[in-house]
Amino acid sequence: MDLNKNFYGFYMDIKKVCVIGAGIMGAGITQIVATSGYEVNLVDIDENILNKALTGITNDLERFYVRKEKMSPEEAQAIVERIHTSTNRDECLAEVQMVIEAVFEDMNLKKQLFKELDEFCAENTILGSNTSSLSITEIASMAQRQERIVGIHFFNPAPVMKLIELVKGTNTSEETLEIAKAFSESLGKTVVIVNDSPGFVTSRLLYVLCNEGVNMLMNGVASAEDIDKACKLAFNFPMGPIELCDLVGNDVYLHIGTYLAHELGEKYRPSPLLKKMANAKLLGRKTKKGFYKYE
């Protein structure tokens, strides 16, 4: 699938995408991008994580699409064949027109990564960050060509969730934003555009809900099950705040809360119980144990 865009002389024909980071989000992004017809280079420093990601994508396609007759086995195989994994980042960045970063939510890590991407990638390559809360302007601050850096925030699970939150940094150009929007819509997603602000729209709102749910649990207001049940039945939410903490990861919400408290004030301070869970490595689904236990 090609995107042919010409904005103020800026030509972009997206055929190949590099996804950096093969964790839950990186794997999900890779799956939806490959499903939409793009070649994808998936890179991670750990070969085992890459193998796990590719196996997970293959199993997901079989379980949720082939078995339900939403696609043929041949179509699923073609998607997998469009995915190329490697621990060699430079090789994965060669001849790509779009990079999507999905590494851990650490500002210094992301700033250094985007500095290196800016230096290595071709001049017109779009550089996107899947950060859920960190400032795109700050992430781009060490790069020379900051106009081509944009936030492309997918939601978990990326192949299913319909929204992409595009975040415009202070120096993100309108050309970059338009290309990122066209690319996101080519994945079958609905796009909202947000100006750079801590937590953007979605993470800021959801963090407050989840953090308060954890505080209520800590204070004995109700059990985790009843807090979740109340939110699902009263507000028609697909899952409650405690369940959502376990899905996203208690460590992720701790990082989001710490960042929001630093940027926006004490009312965003993470719950002591959330901090306790993260420090004990009770992170939720990814460790099979959080506020709930998982098989």
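Tabulated data
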quantity: Test: residue in segment 74-85 that is outside any loop (DSSP other than H, G, I, E, B), closer than 24 Å to Thr35 by Cβ, without any contact (Cβ under 8 Å) to a residue 12 or more places away in the chain and among the polar types (S, T, N, Q); calculated: yes
quantity: Flag for Asp246 being more than 14 Å from Phe155 (Cβ to Cβ) and touching a Lys or Arg at 6+ places or on another chain (Cβ under 9 Å); calculated: yes
quantity: From Thr176, Thr172, Thr202, residue being under 16 Å from the mean Cα position of the chain (by Cα) and surrounded by 16 or more Cβ atoms within 10 Å (Cβ to Cβ); calculated: Thr202
quantity: Pick from segment 257-278, criterion assigned to a helix (DSSP H, G or I) and surrounded by fewer than 13 Cβ atoms within 10 Å (Cβ to Cβ), ranking: nearest to the chain's Cα centre (by Cα); calculated: His262
quantity: Breaking point among (1) within 27 Å of Ala278 (Cβ to Cβ); (2) modelled with pLDDT of 95 or more; (3) within 16 Å of the chain's Cα centre (by Cα); (4) of a type in the set (S, T, N, Q), for Asn211; calculated: (3)
quantity: Single match in Lys293, Lys281 (criterion: over 15 Å from Cys210 (Cα atoms) and under 22 Å from the mean Cα position of the chain (by Cα)); calculated: Lys281
quantity: Among (1) in contact with a strand residue (DSSP E or B) (Cβ under 6 Å, 6 or more places away or on another chain); (2) in a loop (DSSP other than H, G, I, E, B) - the single one Gly220 does not satisfy; calculated: (1)
quantity: Residues (among the hydroxyl-bearing types (Ser, Thr, Tyr) and assigned to a helix (DSSP H, G or I)) located in segment 51-73; calculated: Thr55, Thr58, Tyr65
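The values are calculated or read from the model by the stated rules, or taken from the named source; none is laboratory data. Just so we're clear, the structure is a prediction, and the values are computed from it rather than from any experiment. Reconstructed Cβ throughout: ideal geometry from the backbone, glycine too, with neighbour counts over all protein chains shown.
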